[in-house]
Structures are given as C-alpha cells and as structure tokens.
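What follows is a single structure, written as structure tokens, with notes after it.
Just so you know, all these numbers are worked out from the coordinates, no wet-lab data involved. Please read all numbers here as calculations on a predicted model, not as lab measurements. Every residue, glycine as well, gets a Cβ built from its backbone with ideal geometry; the counts of neighbours run over all protein chains shown.
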C-alpha cells in the first residue's frame, strides 16, 4: 500500500485528487493539508510515501515547504505554472500535473509511481536540480515576488547581493529575495556573463557602465547608478576584463 498526502489550498483541487485516486486501490490517502505549515507537520508526523504538492499556498509555498523537510517522500507537483517554467525539475520529480488536468493525465502520473522499481531521489536532489547543480548555467530562474513565482531571464539580472543566508537579485525594474546563498547561485551563472567582485556581490558584465579607480580600491558603477566595491581578493580576476 502506498500512503498519500494531498497538499493544496483549494478544496476543489484536493477533492479532485481524492476522486481520481479512488481508481487506484494501491493508494491510501492519509490526509489533506491546505497550507505549507500544516503540510510540514503532517509530513513529518505521518511520513507518507507520496505527496501531491501545489506550489502557491499560504504560509510556505511548495518550494519553501520542500526546503524545510527532514523526511522526503516522493512528489507529484500539481500546479498552474506552465510547462516551460517547470522544465527545471522534471528530472527528479516523479511528475507534475498542470492544472487543469484530466483523469487520463492524472493516471499517467500515478502509474509512474506504481511502476517505479528504484527508490526516488530525495527532494534535496530536486532542489539541487532547480539551482545548485553546476553542469549547465541556467537562462531562467523562478524567483519569489510576494505570493507568486516570477520567471526571470538571467540576462535581465544586473547584480546579486548577499543578505546573510539569502540573496537579493536585482533587475532594472525589480528585485527578488532568494532563499539560496550567493555562492550556490553563482554556480548556476555563466562565468562569461557574470563576475564575482566581492564576497557579497556578483555583477552582470553587460551592466557595468564604468569602473572608478580610487587610491585604495576599485568601484564598479552599473548602468542604473549602483556603486559596488571590488573586494581585494577578487581584484585580480576582475582585472582580466581590462584590455
């Protein structure tokens, strides 16, 4: 028997999953959660084999919830985000269901769980596939803005600024706060486009307007007027841009 927890802030969405699961006697629903905090408690208490997880929820969204877990069930995302935005985690999630989905599409996702003979990777691997893995630089990032996730083109990012364990990501017309540290984010940026100039700053080379040489340090001035110091330990690498 595969135990299941349904996590979604919409009653109708939870009811639909229950209805569709009724056709799978191998599945046993342990309960439902309507926000991230309740879901976290239930996952750690009930330890389900599988969770159906929405992304946009009160308290903690789906991504925040995953980062807080110490017990890692299999996961099927149920979300209104389009396929383009979700390609990042196809590799390690069991599947995702794009709302509104049909019974046939739901059955296909559940079949992946039933037919999978190997154990699924922990959800930490899923998060690493979103941002942390270093094989290929990303061209887009899903970044939080209030209660939604915005799909931001990396080339729109002017600079990144460390804020303790978080990172402020700044574009020409907005800014976003990532839960990941600046060093982890650096690993997903193209080093031919982004350069670390300080332990607290990474800049997009295309947005550098000029460099100010002071007696004891260098300062980068970006096209939006932001002025950032170049740390001494990063100066030699930065000077490679000077021809």
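Listed conditions (1) farther than 23 Å from residue 241 by Cα; (2) assigned to a loop (DSSP other than H, G, I, E, B); (3) without any contact (Cβ under 8 Å) to a residue 12 or more places away in the chain are all met by residue 168, apart from (2).
When segment 135-162 is filtered for residues that are surrounded by fewer than 17 Cβ atoms within 10 Å (Cβ to Cβ), in a strand (DSSP E or B) and in contact with a strand residue (DSSP E or B) (Cβ under 7 Å, 6 or more places away or on another chain), the ones remaining, listed by number, are 140, 144, 145, 150, 151, 153.
When you check residue 72 against the structure, is it surrounded by 17 or more Cβ atoms within 10 Å (Cβ to Cβ), in contact (Cβ under 8 Å) with a residue 12 or more places away in the chain, within 24 Å of residue 166 (Cβ to Cβ) and out of contact with any helix residue (DSSP H, G or I) (no Cβ under 6 Å at 6 or more places or on another chain), yes or no? Can you show your working first?
On the way: surrounded by 17 or more Cβ atoms within 10 Å (Cβ to Cβ): yes; in contact (Cβ under 8 Å) with a residue 12 or more places away in the chain: yes; within 24 Å of residue 166 (Cβ to Cβ): yes; out of contact with any helix residue (DSSP H, G or I) (no Cβ under 6 Å at 6 or more places or on another chain): no.
Taking the combined requirement at face value, the residue does not satisfy it.
Residue 182 passes every criterion in (1) closer than 30 Å to residue 57 by Cα; (2) surrounded by 16 or more Cβ atoms within 10 Å (Cβ to Cβ); (3) touching a helix residue (DSSP H, G or I) at 6+ places or on another chain (Cβ under 7 Å) apart from (3). Within segment 206-239, the residues that satisfy the criterion of being under 17 Å from residue 161 (Cβ atoms) and free of Cβ contacts under 8 Å to residues at least 12 places away in the same chain are 219, 225. Within segment 1-46, the residues that satisfy the criterion of being more than 23 Å from the chain's Cα centre (by Cα) and assigned to a loop (DSSP other than H, G, I, E, B) are 1, 22, 23, 24, 25, 26.
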